[in-house]
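The values are calculated or read from the model by the stated rules, or taken from the named source; none is laboratory data. Values in this document were obtained by computation on a predicted structure and should not be read as measured data. Positions of Cβ are backbone-derived with ideal geometry, glycine not excepted, and every protein chain shown enters the neighbour counts. When the accessible area is computed, the model is the full protein with side chains, heavy atoms only, and any ligands, DNA or RNA have been set aside. Shrake-Rupley method; radii C 1.70, N 1.55, O 1.52, S 1.80 Å.
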Amino acid sequence: MRSVKRLLCCLAAAAFCTGMKADEGMWMLTDLKTQNAVAMRELGLLIPVDQIYNADSLSLKDAVVHFGGGCTGEVVSAQGLVLTNHHCGYGYIQQHSSVEHDYLTEGFWAANRQEELPCKGLTVTFIDRILDVTSYVQTQLAKDPDPQGVNYLSPAYLKIVAGRFARTEGIELPQGSSMELKAFYGGNKYYLFIKKTYSDVRLVGAPPSSIGKFGADTDNWTWPRHTGDFSLFRIYAAPDGSPASYAPENLPLEVRQPLSISLDGYKEGDFAFVMGFPGRNWRYMTSDEVEERMQTVNFMRIHVRDARQNVLRQEMEADDAVRIHYAAKYASSANYWKNALGMNEGLVKLGVTDTKRSQQEALLAFGKERGDTALLSAFNTINRIVAQRRSALYHQQAIQEALVTALDCMKIPSTAALQTALRSKDKARIAKAADSLDVAAARYFASVPYPEVERKVAKAMLAVYARYIAPEERISIFKIIDRKFKGDTDRFVDACFEHSMFGSKANFDRFMKKPTLYKLDTDWMVLLKYSITDGLLKTAISMAEANRDYNRAHKIWVKGMMDMRQAKGQALYPDANSTLRLTYGKVASYSPADGIVDCYRTTLKGVMQKEDPSNPEFIVPDKLKRLYAEGDYGRYADADGQMTTCFVVDTDNTGGNSGSPVLNAWGKLIGVAFDRNYEGLTGDIAFRPSSQRAICVDIRYVLFVIDKYAGATWIADEMLSRP
């Protein structure tokens, strides 16, 4: 329950909440000059838009990177130093952690570049060019053998078109570069992104979880926050500066356009903008689609993830090694469990379906005035399809959440090649397939070092799946469970781990001594995996035709929205799709309920007030307490002498914006976005500037932790120096 005891801002701040509003939208950088420049200047921007994005020269855009494919980062030094969130780097911090070196709990700080740790699988991607290729793609689609098909949204088809465009325009891609052609506005516009990806990325520094995850699940998606949610990595390249795989001789990437940092702070109402890679949102949903989202995707996330997390939490609290292994998985699961919970609550509380109905009526009236019957037809088609696919989507989400996402034990390698070889009775072929399976199995067993934990999770997940799916609709393995195990899913799971070749390494080794087709065809885990795959395939097939018709109708519906806004002289932005965007607004307090004003910033004082030594989510390190008691904030204190920790801005953010740079009117870095407030979780579907906030860690708190707390002054100096 939200406490009524809040930090209260002054009356002027409360009054400000009803004043100027942020400009809703996750804007394409290519459109800033024509759509947003005037509004941004009126709101407070003090630099030309060309300094933010310029197709012909370096700009602030060139310091913003796609971090690991799911977050955002920013380059903050000329030597390739990248700043992002602690939770974005969490899996890579975990990668280097052990019970002996628990960097998740204790933090990690390289004393010099030689101590920076290579991160397997981590990439950092720059966007070199963004091209509007709508006309070219539409010309290609007109020549397509199936012009009424769905190639206009097909990544495979668009990749072919991108190749044609590159050949036509003479675009050559150097090492490490690639192209990505994406559809926007439901397939009404197309942009081509030319990217450069670096794969030698090394961990430089991370605070302990008592700072980087302070408040953890309790404070997640809430404000006020006091979390130092940041981590630092460095990009390395070949000696000539080109992208290269990890090698000791690689050098820090020389960057010509790192961000400059401001230590001047900010005040209520100051202009701010954010650049990043927002993942997904759905602003063009109809009211029926909103209800569908609540009752399928969100419903399953809430109930299935809660059951899994209860099991994992108990196991993680009992064993540090288990805690470290599952830390990133648990954090990811819990993050969107709470997101779904808050979104459903907010959609009801704020009456978003009513808002959507009003928008629908306005658009249908616009179509009627123009004599356009296509809009009404598209609207009716969307609603018909939503009703038609509801049951299949509900089942698909149950399978995905309970039996795919949750079960690491179902990441067993495919046995298809060995089964085929055994049927052929060709000894050489059998030996080759067995060797391949042996290698894959070694990787699998290394990835699931705690089979007893997996057994407990599997029992919980099969039970929760059965709870929400009717017997006649369940995946085929339940026929076996009902017949051979009297419907007891726990007994079936026990049989999997005790008798399956993938139940243990010992079982696998016994099987491999004398592999037989019979054992493969009757192996419990193999049968379970096949059943899950078959269930997903059947639900996908049952929705395939409906979804194809939906995509066509959605394209018409979005085009109508574009036309209506254009007729009114209003700017328009596409839904987020993990491409580089900009959103802008101001530093702003807000009122979550009558009589309550949540201030725009928090301070280190709040960390001390939240301290609870008996709760691992609210432990405060002794050194941080000492620095607070002495007021030893160095050059990072605010003008009032306090150490600001976090602040909020009313920009239009979503998942994927984690790690995004928050910049002031002069284009200088003042913070790093890491979360949204609970009241703003409806923002993926409907943006409300009065209540939606992006939560950011103050760059001065980042530097304070690096310099004064960790003693890694060399890193702070590098961030603040400029060539």
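Check whether at least one residue in region 621-629 is in a loop (DSSP other than H, G, I, E, B) and either crowded, with 16+ Cβ neighbours inside 10 Å or under 28 Å from the mean Cα position of the chain (by Cα) (or both), and report yes or no.
yes
Determine whether region 361-373 contains at least one residue that is open to solvent by less than 20 Å² (accessible area, probe 1.4 Å) and closer than 30 Å to ALA327 by Cα.
No: zero hits.
Pairs, please: C-beta under 6 Å, at least 6 apart or cross-chain, first residue of a type in the set (Ser, Thr, Tyr) and in region 381-393, second open to solvent by less than 30 Å² (accessible area, probe 1.4 Å) and part of a helix (DSSP H, G or I)?
As it stands, the answer is THR381/ALA553, since those pairs meet every condition given.
Yes or no: region 90-103 includes at least one residue that is touching a residue at least 24 places away in the same chain (Cβ under 8 Å), open to solvent by 20 Å² or more (accessible area, probe 1.4 Å) and closer than 21 Å to PRO239 by Cβ.
Checking region 90-103: not a single residue is touching a residue at least 24 places away in the same chain (Cβ under 8 Å), open to solvent by 20 Å² or more (accessible area, probe 1.4 Å) and closer than 21 Å to PRO239 by Cβ.
A quick yes/no check of all residues on (1) surrounded by fewer than 17 Cβ atoms within 10 Å (Cβ to Cβ); (2) not in a helix (DSSP H, G or I):
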position	(1), (2)
ILE532	no, no
GLY535	no, no
ILE541	yes, no
ALA544	yes, no
TYR550	no, no
TRP557	no, no
ARG565	yes, no
GLN570	yes, yes
TYR573	no, yes
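Would you mind finding the one in VAL439, VAL453, VAL457 that is surrounded by 14 or more Cβ atoms within 10 Å (Cβ to Cβ) and farther than 20 Å from TYR530 by Cα?
VAL453
Can you confirm whether region 675-689 contains a residue that is open to solvent by 10 Å² or more (accessible area, probe 1.4 Å), under 19 Å from GLY89 (Cβ atoms) and of a type in the set (Asp, Glu)?
Yes; the residues of region 675-689 include at least one that is open to solvent by 10 Å² or more (accessible area, probe 1.4 Å), under 19 Å from GLY89 (Cβ atoms) and of a type in the set (Asp, Glu).
Mind counting the residues in region 68-88 that are open to solvent by less than 10 Å² (accessible area, probe 1.4 Å), assigned to a loop (DSSP other than H, G, I, E, B) and closer than 20 Å to LYS120 by Cα?
The number of residues fulfilling the criteria is 2.
Might you let me know whether region 712-720 holds any residue that is within 29 Å of the chain's Cα centre (by Cα), open to solvent by 20 Å² or more (accessible area, probe 1.4 Å) and more than 28 Å from GLY70 (Cβ to Cβ)?
Yes - at least one qualifying residue is present in region 712-720.
Looking at ALA398, ALA421, ALA470, which is the one that is open to solvent by less than 20 Å² (accessible area, probe 1.4 Å), among the small types (Gly, Ala, Ser) and more than 22 Å from ASP523 (Cβ to Cβ)?
Within the list ALA398, ALA421, ALA470, the selection yields ALA398.
Has region 140-156 got any residue that is open to solvent by 70 Å² or more (accessible area, probe 1.4 Å) and under 23 Å from SER242 (Cα atoms)?
No, every residue in region 140-156 fails to be open to solvent by 70 Å² or more (accessible area, probe 1.4 Å) and under 23 Å from SER242 (Cα atoms).
Has region 624-643 got any residue that is small (Gly, Ala, Ser) and touching a helix residue (DSSP H, G or I) at 6+ places or on another chain (Cβ under 6 Å)?
Within region 624-643, one or more residues are small (Gly, Ala, Ser) and touching a helix residue (DSSP H, G or I) at 6+ places or on another chain (Cβ under 6 Å).
Exactly one of these conditions fails for ALA387: (1) small (Gly, Ala, Ser); (2) surrounded by 15 or more Cβ atoms within 10 Å (Cβ to Cβ); (3) closer than 27 Å to MET543 by Cα. Give me its number.
(2)
Among the listed residues ALA334, ALA307, ALA340, identify the single one that is modelled with pLDDT of 95 or more, touching a Lys or Arg at 6+ places or on another chain (Cβ under 7 Å) and open to solvent by less than 30 Å² (accessible area, probe 1.4 Å).
After ruling out the rest, the residue left standing is ALA340.
Checking the conditions here, which among GLN692, GLN609, GLN642 is under 30 Å from ASN577 (Cα atoms), free of Cβ contacts under 8 Å to residues at least 60 places away in the same chain and polar (S, T, N, Q)?
GLN692 is the lone residue from the list that is under 30 Å from ASN577 (Cα atoms), free of Cβ contacts under 8 Å to residues at least 60 places away in the same chain and polar (S, T, N, Q).
Looking at ILE475, ILE481, can you tell me which residue is touching a Gly at 6+ places or on another chain (Cβ under 7 Å), touching a residue at least 40 places away in the same chain (Cβ under 8 Å) and open to solvent by less than 60 Å² (accessible area, probe 1.4 Å)?
Exactly one residue qualifies, and that residue is ILE475.
Being without any contact (Cβ under 8 Å) to a residue 60 or more places away in the chain and surrounded by 13 or more Cβ atoms within 10 Å (Cβ to Cβ) is the filter here, so list the residues in region 165-176 that pass it.
PHE165, ALA166, ILE171, LEU173
With respect to ALA637, determine if the residue is at pLDDT 95 or above and in contact with a Ser or Thr (Cβ under 8 Å, 6 or more places away or on another chain).
Considered against the rule, which asks whether it is at pLDDT 95 or above and in contact with a Ser or Thr (Cβ under 8 Å, 6 or more places away or on another chain), ALA637 comes out as no.
Out of the residues in region 222-249 that are open to solvent by less than 10 Å² (accessible area, probe 1.4 Å) and either among the polar types (S, T, N, Q) or modelled with pLDDT under 95 (or both), state the one that is nearest to PHE674 (Cα to Cα).
Among them, the one singled out is THR227.
Return the residues of region 510-529 that are surrounded by 18 or more Cβ atoms within 10 Å (Cβ to Cβ) and under 22 Å from ILE399 (Cα atoms); say none if nothing qualifies.
Scanning region 510-529 gives ASP523, TRP524, MET525, VAL526, LEU528, LYS529.
Looking only at region 40-59, how many residues end up being surrounded by 14 or more Cβ atoms within 10 Å (Cβ to Cβ), farther than 16 Å from ARG581 by Cα and either among the small types (Gly, Ala, Ser) or touching a residue at least 40 places away in the same chain (Cβ under 8 Å) (or both)?
Residues meeting the conditions: 4.
Return a yes/no flag: does region 603-611 have any residue that is of a type outside the set (A, V, I, L, M, F, W, C), in a strand (DSSP E or B) and either touching a Cys at 6+ places or on another chain (Cβ under 7 Å) or buried (at least 17 other Cβ atoms within 10 Å of the Cβ) (or both).
yes
Of the residues GLY671, GLY667, which single one is touching a Phe, Trp or Tyr at 6+ places or on another chain (Cβ under 7 Å), open to solvent by less than 10 Å² (accessible area, probe 1.4 Å) and modelled with pLDDT of 95 or more?
Among GLY671, GLY667, only GLY671 is touching a Phe, Trp or Tyr at 6+ places or on another chain (Cβ under 7 Å), open to solvent by less than 10 Å² (accessible area, probe 1.4 Å) and modelled with pLDDT of 95 or more.
Where residues in region 346-360 are charged (D, E, K, R) and surrounded by fewer than 16 Cβ atoms within 10 Å (Cβ to Cβ), which of them is nearest to TYR90 (Cα to Cα)?
LYS349
Touching a Phe, Trp or Tyr at 6+ places or on another chain (Cβ under 7 Å) and within 25 Å of MET561 (Cα to Cα): which single residue out of ALA362, ALA378, ALA402 fits that description?
The conditions single out ALA378.
If you check every pair at least six apart or on different chains, which have Cβ atoms under 6 Å apart with a residue in region 278-301 that is more than 23 Å from ALA694 (Cα to Cα) and open to solvent by less than 20 Å² (accessible area, probe 1.4 Å) first and a residue that is of a type in the set (Gly, Ala, Ser) and at pLDDT 95 or above second?
These pairs meet every condition: MET300/ALA398.
Looking at TRP524 and the list (1) within 16 Å of ALA458 (Cα to Cα); (2) touching a Pro at 6+ places or on another chain (Cβ under 9 Å), which single condition is not satisfied?
All conditions pass for TRP524, except number (2).
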